[in-house]
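What follows is a short report on a single structure.
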Amino acid sequence: MNFKAFAGLIGLLLLLGFLLPPVIKLKNIALGVVVLIGVGMAVYEFIETLRSPDD
């Protein structure tokens, strides 16, 4: 596994670890939707970064 993939996975895990506790504690649907959109955008960026050629 190359460094970009490893760093990206660590970043996604840290993002989820940071955003999920307030969503779980507050149980607000609107907040959950916003967090899901943000996580989806982060996953999309991670996939696009992996597809791009190395610099």
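A short reminder: the numbers here are calculations on the coordinates, not readings from a lab. Just so we're clear, the structure is a prediction, and the values are computed from it rather than from any experiment. When we count neighbours, we look across all protein chains shown, and the Cβ atoms used for this are built from the backbone with ideal geometry, even at glycine.
For the chain, the Cβ-based charge dipole about the Cα centre amounts to some 340 debye (Lys, Arg positive; Asp, Glu negative; other atoms uncharged). For the chain, modelled as a GNM whose springs connect Cα atoms under 10 angstrom apart, the maximal fluctuation among Leu36, Leu16, Leu26 occurs at Leu26.
On a 0 to 90° scale, report how tilted helix 3-26 is relative to the longest principal axis of the chain, with both axes built from alpha carbons and the result rounded to the nearest 10. Approximately 0 degrees, to the nearest 10. Over the chain, DSSP H runs of length four or greater, each weighted -39,500 (n - 2.57), average out per residue to a 222 nm ellipticity of -30000 deg cm²/dmol. Diffusion coefficient of the chain by Stokes-Einstein, Kirkwood radius over Cα pairs, 37 °C, 0.692 mPa s: 268 µm²/s. For the pair segment 7-24 and segment 33-53, the centres of their Cα atoms are 13 angstrom apart.
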